[in-house]
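J.: Below is the structure I would like to discuss, written out as structure tokens.
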Amino acid sequence: MSNKYNISLVTGDGIGPEISESAFSILQTINDDMGIRFEIKKLEAGDAVLKNIGEALPAEAFEAIKNSDACLKAPVGESAKDVIVYLRRMLDLYANIRPAKSYPNMPSLRDDVDLVIVRENTEDLYTGEEFDIGDAAVAFRIISEKASKRIANYAFTIASKRKMKKVTCVHKSNVMKKTDGLFASTCSKVANDFPDVKFEEMYVDACAMNLIRQPQLFDVIVTTNLFGDILSDESAQVVGGLGMAPAANIGDNFGLFEPVHGAAFDIAGKQIANPTSFILSIKMMLDWLGNKHNDQKCIEVGQKLESVVYDVVKNNIKTKDIGGDKTTMEFTKEIISRL
Ligand code: ATP
């Protein structure tokens, strides 16, 4: 069944507005020529909004996001905690899915990588529970069985549909015996429900090394919030850099899609940002909408979008960060002309 979807598009800071223009024109093309109706609402949130009106995520923007079918969010700067961390918590977006996949002609270590990092998104050191005690600063690291179980289930479900069918649980339970011990043992229990999926455990330091040494051996990595944040930047670099890395934040009822990278203020306003990570986030959104609404058209258009990105870089049409000379919009137009 084909539907009409209300999409909230948060334009963000730094390179956010430039890559949002790119995402907007791709959504328009899909809307005009590919048979999926999008009602797109552009919203502002982040450092600039904080400076202008005193809050990084105005209540109206939050309501608009909450009431949309899905959100595409460009990166924000220093106010990330008040925007994305807040949205993840308020909308209970517990699974952060970060694929790292090889594309042709990339400045990458290998060309045969196809892995997904499934990062727990609601707990760990990212809850911001920090206190001063005397001359020391203390942070709470909470890991629960409930959150570990649902993220493990998510990871195994993804793995069960993939070719390699393997989950690597990444932790540091030899040092953090209670917290990571609980995470590891919960993942190990969930593994019993998925006999077709191979299961292994790896300490986070070994994983960081193996992502460089033999990234092609990974399939689905499930890990806690902070480790997942760090390892997904690393795995993005393994396949060509942050400009190629999309992400999805998924809950039971809502999906928010964003690039792995931040606001990249150093290159903002120069029209050299690579919009691919945001464009591939649209592909993840289409997959999610398609599965949620049983809309095969969304899934097909998502596949088409991914294959067009592949085709464009295969023809050596690239932005500066991945060794090309195209501007953000020139690159986007190459994609649009092939859609
Ligand atoms: P955050 O902490 O918000 O994740 P960060 O400090 O990791 O941000 P990013 O903004 O993610 O930094 O990016 C790091 C560097 O990678 C940038 O300074 C920029 O040079 C490069 N970079 C990131 N995203 C892109 C992109 N889409 N296109 C080109 N270069 C990028």
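None of the figures in this text is laboratory data; all of them are computed from the coordinates on show. Just so it is clear, the structure is predicted and the values come from calculations on it, not from any experiment. Here the Cβ positions follow ideal geometry from the backbone for every residue, glycine too, while neighbour counts run over all protein chains shown.
J.: Short version: ³J(HN,Hα) in whole Hz for each residue of region 149-161, in order, from phi by Karplus 6.51 cos²θ - 1.76 cosθ + 1.60 (θ = phi - 60°), x for Gly and Pro, what are they?
T.: Rounded to whole hertz, the list is 5, 6, 6, 5, 4, 4, 5, 5, 5, 4, 4, 5, 9.
J.: Tell me which residues come under 5 Å, amide H to amide H, from K42 once H is placed; ignore anything under 5 positions away on its chain.
T.: L9
J.: Output the pairs from K66/K146; K198/K314; K177/K292; K146/K198; K51/K318; K292/K326 with a Cα-Cα distance over 31 Å in this structure; if there are none, say none. Each step should come with its number before you reach the end.
T.: Details: K66/K146 24 Å; K198/K314 33 Å; K177/K292 38 Å; K146/K198 22 Å; K51/K318 34 Å; K292/K326 36 Å.
Violating the 31 Å limit, Cα to Cα: K198/K314; K177/K292; K51/K318; K292/K326.
J.: Something else about it: Would you kindly compute the Cα radius of gyration of region 194-330 and its largest Cα-Cα separation (Dmax), both in Å?
T.: Radius of gyration, then largest Cα-Cα span, for region 194-330: 16.6, 51 Å.
J.: Right, another one. Calculate the spin-label point distance for Y310 paired with M90, positioning each point 7 Å from the Cα along the beta-carbon direction, and give it in nanometres.
T.: The answer from the label model is 3.8 nm.
J.: If the chain between K177 and I212 were fully stretched, how many nm would it gain, using 0.36 nm times the residue separation less the Cα-Cα distance?
T.: Numbers: separation 35, 0.36 × 35 = 12.60 nm, distance 2.66 nm.
Contour length minus Cα-Cα distance gives 9.9 nm.
J.: How big is the dipole moment of region 109-238 about its Cα centre under a simple scheme where the beta carbon of each Lys and Arg is +1, that of each Asp and Glu is -1, and everything else is neutral? Debye, nearest 20, please.
T.: Details: 17 positive and 21 negative charges, 144 e Å.
Charge dipole of region 109-238: 700 debye, to the nearest 20.
J.: At 222 nm, what helix-only mean residue ellipticity would the chain give, in deg cm²/dmol to the nearest 500, using -39500 (n - 2.57) for each DSSP H run of four or more? Walk me through the numbers on the way to the answer.
T.: Values: 11 runs with 138 residues, N = 339.
Rounded to the nearest 500, the figure is -13000 deg cm²/dmol.
J.: Quick one: grab Rg to one decimal and Dmax as a whole number for the chain, Cα atoms only, in Å.
T.: Values for the chain (Cα only, Rg and Dmax): 19.4, 62 Å.
J.: Another question, if that's okay. Using 7 Å Cα-to-Cβ label points, what is the K163/F265 separation (nm, one decimal)?
T.: For K163 paired with F265, the spin-label model returns 4.2 nm.
J.: Hey, got the dipole for the chain? About the Cα centre, +1 on K and R Cβ, -1 on D and E Cβ, debye to the nearest 20? Intermediate values should be presented prior to the final figure.
T.: On the way: 40 positive and 48 negative charges, 212 e Å.
Using only the charged Cβ atoms, the result is roughly 1020 debye.
J.: Can you list the cysteines of the chain that have no other Cys Cβ under 4.7 Å away?
T.: Taking the Cβ cut-off of 4.7 Å, the unpaired cysteines of the chain are C71, C207, C298.
J.: At 25 °C and a viscosity of 0.890 mPa s, what translational diffusion coefficient does Stokes-Einstein give for region 152-207, taking Rh as the Kirkwood radius over Cα pairs? Give it in µm²/s as a whole number.
T.: 215 µm²/s
J.: Please provide three numbers in whole Å: the alpha-carbon extents of region 109-238 along the principal axes, with the largest listed first.
T.: Per principal axis, max minus min of the Cα coordinates gives 52, 35, 23 Å.
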